[in-house]
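Here is the structure we will look at, set down as structure tokens.
The values are calculated or read from the model by the stated rules, or taken from the named source; none is laboratory data. Because the structure is a prediction, the values reported are computed rather than measured. Here Cβ is always computed from backbone atoms with ideal geometry, including for glycine, and neighbour counts include all displayed protein chains. Ligands, DNA and RNA are excluded from the accessible area calculation, which covers all protein heavy atoms including side chains. Shrake-Rupley method; radii C 1.70, N 1.55, O 1.52, S 1.80 Å.
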Amino acid sequence: GAAGRLLVSRLFQPRSLREGGEAGWEGRPGPGPGEAGCRSQKLLVQGGLICPAAPGCYHYLPSAVRAVEKLVAVIDGEMRAVGGQKLSMPSLSAAELWRASGRWDRMGRELFRLADRHGKDYCLGPTHEEAVTDLVAAQINLSYKQLPLRLYQVTRKFRDEPKPRFGLLRSREFYMKDMYTFDASEEAARHTYGLVCDAYRRVFEALGLRFVQVQADTGSIGGTMSHEFQLPADIGEDRLALCPAGHFAANVETMSAEQTTCPTCGEPLTLTRGIEVGHTFYLGTKYSSVFNATFYSAENKLQLAEMGCYGLGVTRILAAAVEVLSTEDSIRWPGLIAPYQVCFIPPKKGSKEEEGAALMERLYDDLAEAVPQLAGELVLDDRTQLTIGKRLKDANKLGYPYVIIAGKRVCDDPPVFEVWSQNAGEVMFLTREGVIELLSKVRVP
């Protein structure tokens, strides 16, 4: 009933949609000098999903949190499917772990470093290889029967970017899903590597995002094999070389300048730009040898675990999806992670269709009851002092996958509602039963 309806007027979503492009709201800073804007940054700030807090740091407002939580639910499902066990490690990481691996100095100024009141050094973790390997190494009676171990978390990460830009695409504080795997042999570890890469592919396919998996540099993480998952986009900071027939794909930084053709078929490679949204590494014993992460083999001998690590940039995927799917002035979400699935727009107060307001409220309640998975996904735009046109324009900009309007035909017998399917780009005229049938097929994580 009325008490359970979610009203647009009550959402904490401070927007500047109609003001035509202010980067924040009253008194809030937009992108600073050197923090170049991009489509996703502009749309997410204007739509009241994120708000600048400091260079490279954002408040995630309630609608953005809903989208992030849905994306995490999709990722959780795929991680569970490959035997992932979820944990949570501290953001504060002791310097001695990083000194042991050599990365305290090697990471340079990218690490946020701090000391506690006792003078003990820490960093804010940009990644957790040291912490997780130390954790597993502490399990002194680990048996080969307990392997593979596939441990993952979704946490805030920190990186002291010299020039944060593009909103959530290159920020100083961000959400990442990071998995760390421990196997009994190189063969088993490479099998795990393939399983996790397949899981990543399924995540992007579920979101309807076009991606490429490319050979990549192992960088500061290390290891002997690495791949990036990239979303092709003009503003991408990575340059990619792709075989038109799909035989070869690499980040240009891994190639020699002379390589211009596919090593498999000889076709000229095409160059494009991409946004990195995932990265996988086969580590071998790089970290397990430092921290003595061992297990007892079938012969009861101690052996070093073979490791891999796998990252997905959660908030970067969110922003990159908005970047590649949206128009210049309207957000388009992957259907699965839209903050809300349906926006109801009742008639303007005082219009001749005003009697349709009660019908619209009844439809809201009937839909919530008939399709339980949508009960928390419905929003009623109760700003009836505004015209339907103005509210529809707002709904378009915010990217609700479905917008239901009580227009002229709501007074028909039976009442007919106007249903806009944003991602399909079509408008349908449906009775109450038709609306319920259409929306019963909507998937939510």
Can you give me the number of residues within the stretch 417-437 that are open to solvent by less than 70 Å² (accessible area, probe 1.4 Å) and in contact (Cβ under 8 Å) with a residue 24 or more places away in the chain? 5
Are there any pairs with C-beta distances below 7 angstrom linking a residue in the stretch 119-132 that is within 21 Å of residue 280 (Cα to Cα) and in the same structural domain as residue 103 (by the TED database) to a residue that is part of a helix (DSSP H, G or I) and open to solvent by less than 10 Å² (accessible area, probe 1.4 Å), with the two at least 6 apart or on different chains, and if so which? 130/98
Members of the stretch 207-228 found to be assigned to a loop (DSSP other than H, G, I, E, B), open to solvent by less than 20 Å² (accessible area, probe 1.4 Å) and of a type in the set (A, V, I, L, M, F, W, C), listed by number: 209, 216
Subset of the stretch 103-142 [small (Gly, Ala, Ser), outside any helix (DSSP H, G or I) and either open to solvent by 30 Å² or more (accessible area, probe 1.4 Å) or modelled with pLDDT under 95 (or both)]: 115, 119, 138
Take residue 274 and tell me if it is on the phi > 0 side of the Ramachandran plot and either open to solvent by 50 Å² or more (accessible area, probe 1.4 Å) or touching a Lys or Arg at 6+ places or on another chain (Cβ under 9 Å) (or both). no
Check on residue 231, buried (at least 16 other Cβ atoms within 10 Å of the Cβ) and in contact (Cβ under 8 Å) with a residue 40 or more places away in the chain: yes
If you go through the stretch 87-121 one residue at a time, how many are of a type outside the set (S, T, N, Q) and in contact with a Lys or Arg (Cβ under 7 Å, 6 or more places away or on another chain)? 2
Go through the stretch 143-162 residue by residue and tally those that are at pLDDT 95 or above, within 26 Å of residue 54 (Cα to Cα) and not hydroxyl-bearing (Ser, Thr, Tyr). 7
Flag for residue 356 being touching a Cys at 6+ places or on another chain (Cβ under 7 Å) and on the phi < 0 side of the Ramachandran plot: yes
Go through the stretch 100-150 and give me each residue that's of a type in the set (A, V, I, L, M) and more than 13 Å from residue 293 (Cα to Cα). 100, 107, 111, 114, 115, 124
Every residue from the stretch 143-159 that is touching a residue at least 60 places away in the same chain (Cβ under 8 Å), more than 27 Å from the chain's Cα centre (by Cα) and not in a loop (DSSP other than H, G, I, E, B): 143, 144, 146
Which condition breaks for residue 294 when tested against (1) open to solvent by less than 40 Å² (accessible area, probe 1.4 Å); (2) of a type in the set (S, T, N, Q); (3) closer than 30 Å to residue 421 by Cα? (3)
Odd one out for residue 243 among (1) under 23 Å from residue 76 (Cβ atoms); (2) out of contact with any Gly (no Cβ under 7 Å at 6 or more places or on another chain): (1)
Apart from one, (1) at positive phi; (2) modelled with pLDDT under 95; (3) crowded, with 18+ Cβ neighbours inside 10 Å all hold for residue 246; the odd one out is (3)
Can you run down the residue pairs with Cβ atoms below 9 Å, 6 or more apart or on separate chains, where the first is in the stretch 334-349 and surrounded by fewer than 22 Cβ atoms within 10 Å (Cβ to Cβ) and the partner is at pLDDT below 95 and among the small types (Gly, Ala, Ser)? 349/357
Filtering the stretch 160-171 down to residues that are open to solvent by less than 60 Å² (accessible area, probe 1.4 Å) and either of a type in the set (Asp, Glu) or assigned to a loop (DSSP other than H, G, I, E, B) (or both) yields 160, 161, 164, 166, 171
Going by the conditions given, is residue 64 in contact with a strand residue (DSSP E or B) (Cβ under 9 Å, 6 or more places away or on another chain), part of a helix (DSSP H, G or I) and open to solvent by less than 50 Å² (accessible area, probe 1.4 Å)? yes
If you go through the stretch 240-297, how many residues are within 30 Å of residue 182 (Cβ to Cβ) and either aromatic (Phe, Trp, Tyr) or part of a loop (DSSP other than H, G, I, E, B) (or both)? 11
Output the helices (runs of 4 or more DSSP H) that fall wholly within the stretch 346-445 and possess 1 or more residues being out of contact with any helix residue (DSSP H, G or I) (no Cβ under 7 Å at 6 or more places or on another chain) and under 27 Å from residue 41 (Cβ atoms), or say none. 388-398
Based on this model, can you work out whether residue 369 counts as over 20 Å from residue 48 (Cβ atoms), of a type in the set (Asp, Glu) and without any contact (Cβ under 8 Å) to a residue 60 or more places away in the chain? yes
Report the residue count in the stretch 67-93 for those that are open to solvent by 50 Å² or more (accessible area, probe 1.4 Å) and either part of a helix (DSSP H, G or I) or not assigned by the TED database to the domain that holds residue 183 (or both). 3
